[in-house]
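Novice: To start, I am sharing the structure in question, which I have written as structure tokens.
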Amino acid sequence: TSQADVAVMVVDASQGAFEAGISRDGQTREHALLAYTLGVKQMIVAVNKMDHESVNYSEKRFVAVKSEVASYLKKVGYKPAKIAFVPISGWLGENIKDKSKNLSWYSGPTLLDALDNVTPPKRPVDKSLRIPIQDVYKIGGIGTVPVGRVETGIMKPGIMAQFAPSGIQAEVKSCEVHHESLLEVGPGTNVGFNVKNVAVKDIGRGDVASDADDSPATGVTSFEAQVIVMNHPGKIMKGYCPVIDCHTAHVACSFTNIKDKMDRRTGKVVEENPEFIQNGDAAIVTMVPTKPLCVESFAEYPPLGRFAIRDMRQTVAVGIIKSITKEVIEDED
């Protein structure tokens, strides 16, 4: 999800299956929430299994599923009016590429048309370079090749790359997109780039590559974030230490301070230094990573400033980073 521009949410319309997906611990809710928090602002909802005997292409069932999903998506933050709800049958291939006689009551786009109607997002070219690393390969005859999506800025051969949080620097010898060598790569593109004199084990998933000469990325000792708790069974207090998923990083972080509890809709502070927060609460918290981590403030680098908090194998909260305390790297003499 950390790389997508649009989400297609496939909802099972058949009796029982839909109700299970949208229920309190259903997958449908979790997927929508994760997509929104991770910055996927455009959504298409494909209402699948319209051919199922319990649905039998019923417009009434489609409308019921649509209104239920729309009301949840609205709570998450999406604007339902801007979302295409498309009835389909994946099994029979109906209304995916071509319109279906069985869905003659439906006048909207097919699934492929809906995808073609998506607006490409503006890409932040003018910001400093940031590439969260997904994987690192060792390629015979070439060497070490980290791979990741350019989130902001421009990647080009010849720059001195700096990897955070380790601070390792290396010259970029070449950049490849789909096995084609390019002289520059802009935001939104997955790139593999070859770096000199760095071992594969020195770089890993979750690191962030930047330009050493243009406000490079660094590790953080702590960060302040606005967190919304959606799905936690108990109370979250100081000392809570869940795993956070931010860009490609996956690091446990400790809540060292819960500063203000706020009203989610207005942003006004309703309680200072609360003892705990629970489902439905929004709060400003200070978090300290348990091992080196590179993140940025949401205002400066949105893709590196939003995160999901996972615990008990589900997303319990989501957040955006308000400010960071950078790690000071001592120069080695």
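The values are calculated or read from the model by the stated rules, or taken from the named source; none is laboratory data. This one's a predicted model, so the numbers in the text were calculated from it and none came from an experiment. Please note: Cβ atoms are built from the backbone with ideal geometry, for glycine as well, and neighbour counts cover all protein chains shown. Surface accessibility is based on the protein's heavy atoms, side chains included, excluding ligands, DNA and RNA. Shrake-Rupley method; radii C 1.70, N 1.55, O 1.52, S 1.80 Å.
Novice: In a shell of Cβ-Cβ distance under 15 Å around Glu272, excluding Glu272 itself, what net charge do Lys and Arg (+1) and Asp and Glu (-1) give? Walk me through the numbers before you get to the answer.
Specialist: Working: positive: Lys238, Lys259, Lys261, Lys268; negative: Glu224, Asp260, Asp263, Glu271, Glu275, Asp281.
My count for the surroundings of Glu272 gives -2.
Novice: Right, here's the next one. Loop-only check: which GluC sites (Glu not before Pro) in the range 241-299 are DSSP coil with at most 15 other Cβ within 10 angstrom? Mind dumping the intermediate values first?
Specialist: On the way: sites: Glu271, Glu272, Glu275, Glu296; in loops: Glu275, Glu296.
Sites meeting the loop and neighbour criteria: Glu275.
Novice: At 25 °C and 0.890 mPa s, grab the translational diffusion coefficient of the range 183-333 from Stokes-Einstein with a Kirkwood Rh over Cα pairs, rounded to a whole number in µm² per second. Please list the in-between numbers first.
Specialist: Numbers: Rh = 16.8 Å.
For the chosen part, D equals 146 µm²/s.
Novice: Using a cut-off of 14 Å between beta-carbons, work out the net charge of the residues near Val118 (Lys and Arg +1, Asp and Glu -1, Val118 not included).
Specialist: Numbers: positive: Lys41, Lys82, Lys122; negative: Asp5, Asp113, Asp116.
Around Val118, the surrounding residues sum to 0.
Novice: Taking the Cα atoms only, what angle lies between the long axis of helix 59-76 and the longest principal axis of the chain, rounded to 10 degrees?
Specialist: Between helix and principal axis, roughly 30 degrees.
Novice: State, to one decimal in nm, how far the label point of Glu171 lies from the label point of Glu68, with both points 7 Å from Cα in the Cβ direction.
Specialist: 6.2
Novice: Nearest 0.05, what FRET efficiency do Asn102 and Asp5 give at R0 = 35 Å with Cβ-Cβ as r?
Specialist: Values: r = 31 Å, r/R0 = 0.89.
Efficiency computed from Cβ-Cβ geometry: 0.65.
Novice: Keeping every protein chain present and rolling a 1.4 Å probe, give me the accessible area per residue for the chain in Å². Walk me through the numbers before you get to the answer.
Specialist: Details: 16810 Å² over 333 residues.
Heavy-atom SASA per residue in the chain reads 50 Å².
Novice: Tyr137 to Ala81: extension gain in nm, 0.36 nm per residue of separation minus the Cα-Cα distance?
Specialist: Working: separation 56, 0.36 × 56 = 20.16 nm, distance 4.35 nm.
Working it through step by step, the gained length comes to 15.8 nm.
Novice: Related question: With r as the distance between the Cβ atoms of Asn197 and Gln314 and R0 = 30 Å, compute the FRET efficiency 1/(1 + (r/R0)^6) and round to 0.05. Don't skip to the end; give the middle numbers.
Specialist: On the way: r = 42 Å, r/R0 = 1.40.
In this case the efficiency is close to 0.10.
Novice: Can you give the calculated 222 nm mean residue ellipticity of the chain, where each DSSP H run of n ≥ 4 adds -39,500 (n - 2.57) and the sum is split over every residue, rounded to the nearest 500 deg cm²/dmol? Working shown, then result.
Specialist: Numbers: 4 runs with 41 residues, N = 333.
Counting only the DSSP helices, I get -3500 deg cm²/dmol.
Novice: Then there is this: What is the distance in Å between the Cα centres of the range 75-110 and the range 165-235?
Specialist: 37
Novice: DSSP loop GluC sites (Glu not before Pro) in the range 16-118 with at most 12 other Cβ atoms within 10 Å of their Cβ, which ones? Kindly include the intermediate steps, with their values, before the conclusion.
Specialist: Details: sites: Glu19, Glu30, Glu53, Glu59, Glu68, Glu94; in loops: Glu53.
Passing both the DSSP loop test and the Cβ count: Glu53.
Novice: Using only C-alpha atoms and all pairs of different ones, pull out the Kirkwood radius for the chain in Å with one decimal.
Specialist: For the chain, inverting the mean 1/r across all distinct Cα pairs yields 21.9 Å.
Novice: For Glu19 and Thr290, what is the calculated FRET efficiency with R₀ set at 35 Å and r taken between the beta-carbons, to the nearest 0.05? Display every interim value, and only then the final one.
Specialist: Numbers: r = 39 Å, r/R0 = 1.12.
Given R0 = 35 Å and the Cβ-Cβ separation, E is 0.35.
Novice: A further question follows. Just to be sure I understand the model, the point goes 7 Å from the Cα along the line to the Cβ. What's the resulting Trp91 to Lys238 distance in nm?
Specialist: 5.7
Novice: Follow-up question, since we're still on this one. When the accessible area of the chain is split by element with a 1.4 Å probe, what percent falls to carbon and sulfur?
Specialist: Values: 8400 of 16810 Å².
Answer for the chain: carbon and sulfur cover 50 percent of the accessible area.
Novice: Shifting gears a bit: Taking the convex hull of the alpha carbon atoms in the range 1-158, what volume per residue do you get, in Å³? Intermediate results must be reported in sequence, preceding the final value.
Specialist: On the way: hull volume 25.7 nm³, N = 158.
Cα-based convex hull of the range 1-158, divided per residue, equals 163 Å³.
Novice: I've got another one for you. Grab the Cα-Cα distance for Thr221 and Val147, subtract it from 0.36 nm times how many residues apart they are, and report the gain in nm with one decimal. The partial results should precede the final answer.
Specialist: Working: separation 74, 0.36 × 74 = 26.64 nm, distance 2.56 nm.
Length gained between Thr221 and Val147: 24.1 nm.
Novice: Any chance you could give the angle, 0 to 90 degrees and rounded to 10, that helix 27-37 forms with the longest Cα principal axis of the chain?
Specialist: Approximately 50 degrees, to the nearest 10.
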